[in-house]
Amino acid sequence: MEATDVLRLRVILDDINAERLILPSRPETVNALIIEIKNKLNLAYDFRLQFQDPEFDNALCNLGNIEDLPSKATIKIVRYLEPDLSSTSTDDTLLSDNTDSLDRLCRWPEIFVIPTFSYEVEHALREGNYAFVKEGKTLNLTRDQKHNILDGMAAEIYKHKAYPSTKNILMAAEALVRKHPCLKEKGSGTGYEGWKNSLRFKMGNYRTKLSRAGIKDVAVNAGKRSRTNPEGAASRAKIKRPRRGEINFMPNYPQGETKDTLENLRLEMVEQFKKTVTDRDMIIIHQHMQRTFALRREEIVNSAPPIAELKDRWPALFCEAQVSKNLETLSWS
């Protein structure tokens with residue numbers, strides 16, 4: 001396709017809104033297209049794109065290559081929930097560029113993609129891989145280089161699952177050594193057993209740092225009260241961890257929102273449901289339900305209210321469309 005192809009797009013914003021957008025030329029990349037859409041439609045949030053693939057009867061597929069997009073197409077915006085990292089402390093060195101999006105928005109991948117590490121480490125790995133192929137030599141990492149690799153791997157694992165299984169971590173360690181054979185361990189049957197063990201411990205440390213930074217889906221299980229620390233937070237033993245498929249088990253409030261502002265949105269929805277069905281503003285209800293998802297999950301996970309109370313506080317949650325929407329937000333996309 002020529003770079004100058006005109007793009008005629010129907011952009012699905014959500015269940016009830018869509019916009020028509022014509023671009024005079026085809027952006028060079030998917031990221032460039034996202035920037036164009038943000039600018040043209042005045043969208044302030046982050047998202048990824050799906051498109052109706054004509055090769056699969058117009059079923060929605062993730063858009064990974066701009067060349068796959070027809071010149072006239074329907075695309076769907078899949079919005080990322082926005083974590084609030086304003087409480088991040090300066091000593092949380094793991095909260096780096098590797099954690100731009102802390103919500104796990106895709107299922108555990110069939111092929112684990114190794115992240116890009118620091119410039120120094122990437123240079124050492126390139127040289128090490130060359131030496132391994134040529135002479136079979138493995139790379140002797142410095143302590144800082146190893147920690148940089150483990151930090152990057154932990155951030156990438158967390159994007160998919162906060163509490164990865166041994167199988168998940170084993171898969172990540174294997175992928176690391178496969179991409180960078182110079183990291184293969186001598187005397188190890190698999191060549192990555194030590195990396196697996198290091199990643200398991202690193203994930204525990206990583207969740208602790210995220211918990212201190214205020215990331216709720218790990219903080220919810222972080223009670224530390226004991227006989228030697230009676231003033232610590234109460235035990236969370238009775239609160240379940242995210243189950244397989246729950247990507248937004250306990251998200252933080254959207255950026256710029258507080259419990260009070262979200263409570264106001266909840267009350268506005270309650271007032272809407274006091275009106276007749278024909279008089280309700282379903283657009284406002286839909287928008288407020290999306291915005292208050294984190295508050296709703298906090299109540300359900302921490303308080304486990306009776307159904308009758310939940311129905312009084314969140315009447316929209318019992319509408320068929322919102323039940324489906326909430327399950328989609330909570331579960332794998």
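Does any residue of the range 229-241 turn out to be assigned to a helix (DSSP H, G or I), surrounded by fewer than 17 Cβ atoms within 10 Å (Cβ to Cβ) and modelled with pLDDT under 90?
In the first step, residues of the range 229-241 are kept if they are assigned to a helix (DSSP H, G or I); the result is none.
Looking for residues that are assigned to a helix (DSSP H, G or I), surrounded by fewer than 17 Cβ atoms within 10 Å (Cβ to Cβ) and modelled with pLDDT under 90, one finds none in the range 229-241, hence no.
Hey, among the residues in the range 129-170 that are assigned to a loop (DSSP other than H, G, I, E, B) and hydroxyl-bearing (Ser, Thr, Tyr), which one's modelled with the lowest pLDDT?
At the first step, the residues of the range 129-170 found to be assigned to a loop (DSSP other than H, G, I, E, B) are 136-142, 161-165.
Cutting the leftovers down to hydroxyl-bearing (Ser, Thr, Tyr) gives us 138, 142, 163, 165.
Working: Thr138: 92, Thr142: 92, Tyr163: 80, Ser165: 86.
Looking at residues that are assigned to a loop (DSSP other than H, G, I, E, B) and hydroxyl-bearing (Ser, Thr, Tyr), I get Tyr163.
Taking the condition open to solvent by 30 Å² or more (accessible area, probe 1.4 Å), modelled with pLDDT under 75 and under 18 Å from the mean Cα position of the chain (by Cα), does Thr88 pass?
Working: open to solvent by 30 Å² or more (accessible area, probe 1.4 Å): yes; modelled with pLDDT under 75: yes; under 18 Å from the mean Cα position of the chain (by Cα): yes.
Answer is yes for this residue.
Evaluate the following for Ala32: is it out of contact with any helix residue (DSSP H, G or I) (no Cβ under 6 Å at 6 or more places or on another chain), open to solvent by 80 Å² or more (accessible area, probe 1.4 Å) and either under 25 Å from Gln255 (Cβ atoms) or in a loop (DSSP other than H, G, I, E, B) (or both)? Show your work before the answer.
Values: out of contact with any helix residue (DSSP H, G or I) (no Cβ under 6 Å at 6 or more places or on another chain): yes; open to solvent by 80 Å² or more (accessible area, probe 1.4 Å): no; either under 25 Å from Gln255 (Cβ atoms) or in a loop (DSSP other than H, G, I, E, B) (or both): yes.
The answer is no for Ala32.
Let me spell it out: the conditions are (1) touching a residue at least 60 places away in the same chain (Cβ under 8 Å); (2) farther than 29 Å from Gln255 by Cβ; (3) open to solvent by 50 Å² or more (accessible area, probe 1.4 Å), and Arg10 meets all of them except one. Which number is the exception?
All conditions pass for Arg10, except number (2).
In the range 47-70, which residue that is in a loop (DSSP other than H, G, I, E, B) and out of contact with any strand residue (DSSP E or B) (no Cβ under 6 Å at 6 or more places or on another chain) is most open to solvent (accessible area, probe 1.4 Å)? I'd like the intermediate steps shown before the answer.
Residues of the range 47-70 in a loop (DSSP other than H, G, I, E, B): 57-58, 63-65, 69-70.
Narrowing the set further to residues that are out of contact with any strand residue (DSSP E or B) (no Cβ under 6 Å at 6 or more places or on another chain) leaves 57, 64-65, 70.
Numbers: Asp57: 146, Gly64: 72, Asn65: 73, Pro70: 33 Å².
Step by step, filter the range 47-70, then rank; the result is Asp57.
Output the residue which, of all residues in the range 257-278 that are over 13 Å from Asp312 (Cα atoms) and touching a Leu at 6+ places or on another chain (Cβ under 9 Å), is surrounded by the most Cβ atoms within 10 Å (Cβ to Cβ).
So, considering only residues that are over 13 Å from Asp312 (Cα atoms) and touching a Leu at 6+ places or on another chain (Cβ under 9 Å), the one surrounded by the most Cβ atoms within 10 Å (Cβ to Cβ) is Leu262.
Which residues, counting only those in the range 161-175, are surrounded by 21 or more Cβ atoms within 10 Å (Cβ to Cβ) and either within 16 Å of Val121 (Cα to Cα) or over 20 Å from the mean Cα position of the chain (by Cα) (or both)? Give the derivation first.
So in the range 161-175, the residues surrounded by 21 or more Cβ atoms within 10 Å (Cβ to Cβ) come out as 162, 169, 172-173.
Passing the criteria: only Ala173.
For the range 289-305, which positions are farther than 19 Å from Cys319 by Cβ and either surrounded by 14 or more Cβ atoms within 10 Å (Cβ to Cβ) or without any contact (Cβ under 8 Å) to a residue 24 or more places away in the chain (or both)? Step through it out loud before you land on a result.
The first filter runs over the range 289-305 and keeps only residues farther than 19 Å from Cys319 by Cβ, leaving 294, 298, 301-304.
Scanning the range 289-305 gives Ala294, Glu298, Val301, Ser303, Ala304.
Return the residue satisfying two criteria in turn: it lies in the range 181-228 and is among the hydroxyl-bearing types (Ser, Thr, Tyr) and in a helix (DSSP H, G or I), and of such residues it is modelled with the lowest pLDDT. Quick ask: steps written out before the conclusion?
So the first thing to find is which residues in the range 181-228 are among the hydroxyl-bearing types (Ser, Thr, Tyr), and the list is 188, 190, 192, 198, 206, 208, 211, 226, 228.
Going one step further and asking which of them are in a helix (DSSP H, G or I), we end up with 198, 206, 208, 211.
Details: Ser198: 93, Tyr206: 84, Thr208: 81, Ser211: 73.
Step by step, filter the range 181-228, then rank; the result is Ser211.
Residues that are open to solvent by 50 Å² or more (accessible area, probe 1.4 Å) and at pLDDT below 50: does the range 102-109 have at least one?
Quick first cut of the range 102-109, residues open to solvent by 50 Å² or more (accessible area, probe 1.4 Å) only: 106-107.
From what's left, at pLDDT below 50: 106.
Among the residues of the range 102-109, at least one is open to solvent by 50 Å² or more (accessible area, probe 1.4 Å) and at pLDDT below 50, which makes the answer yes.
In this structure, does Gly191 turn out to be without any contact (Cβ under 8 Å) to a residue 40 or more places away in the chain, on the phi > 0 side of the Ramachandran plot and surrounded by 15 or more Cβ atoms within 10 Å (Cβ to Cβ)?
Details: without any contact (Cβ under 8 Å) to a residue 40 or more places away in the chain: yes; on the phi > 0 side of the Ramachandran plot: yes; surrounded by 15 or more Cβ atoms within 10 Å (Cβ to Cβ): yes.
Against the criterion (without any contact (Cβ under 8 Å) to a residue 40 or more places away in the chain, on the phi > 0 side of the Ramachandran plot and surrounded by 15 or more Cβ atoms within 10 Å (Cβ to Cβ)), Gly191 qualifies.
Return a yes/no flag: does the range 119-128 have any residue that is at positive phi and either surrounded by 14 or more Cβ atoms within 10 Å (Cβ to Cβ) or in a loop (DSSP other than H, G, I, E, B) (or both). Break it down into steps so the answer makes sense when it comes.
Initial filter on the range 119-128 (at positive phi): none.
For the range 119-128, residues at positive phi and either surrounded by 14 or more Cβ atoms within 10 Å (Cβ to Cβ) or in a loop (DSSP other than H, G, I, E, B) (or both): absent.
Looking only at the range 267-284, decide whether some residue is within 25 Å of Ile16 (Cα to Cα) and under 25 Å from the mean Cα position of the chain (by Cα).
So the first thing to find is which residues in the range 267-284 are within 25 Å of Ile16 (Cα to Cα), and the list is 267-284.
After this cut, where a residue has to be under 25 Å from the mean Cα position of the chain (by Cα) as well, the list is none.
Within the range 267-284, not a single residue is within 25 Å of Ile16 (Cα to Cα) and under 25 Å from the mean Cα position of the chain (by Cα).
Residue-by-condition table, conditions (1) under 16 Å from Gly191 (Cβ atoms); (2) surrounded by 16 or more Cβ atoms within 10 Å (Cβ to Cβ); (3) in contact with a strand residue (DSSP E or B) (Cβ under 7 Å, 6 or more places away or on another chain):
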position: Asn140; (1), (2), (3): yes, no, no
position: Arg143; (1), (2), (3): no, no, no
position: Gly152; (1), (2), (3): no, yes, no
position: Ala155; (1), (2), (3): no, yes, no
position: Lys159; (1), (2), (3): no, yes, no
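The values are calculated or read from the model by the stated rules, or taken from the named source; none is laboratory data. As the structure is a computational prediction, the values presented were derived from the model and not from experiment. In this analysis, Cβ positions are derived from the backbone assuming ideal geometry, glycine residues included, and neighbour counts consider all displayed protein chains. Only protein heavy atoms, including side chains, enter the accessible area calculation; ligands, DNA and RNA are left aside. Shrake-Rupley method; radii C 1.70, N 1.55, O 1.52, S 1.80 Å.
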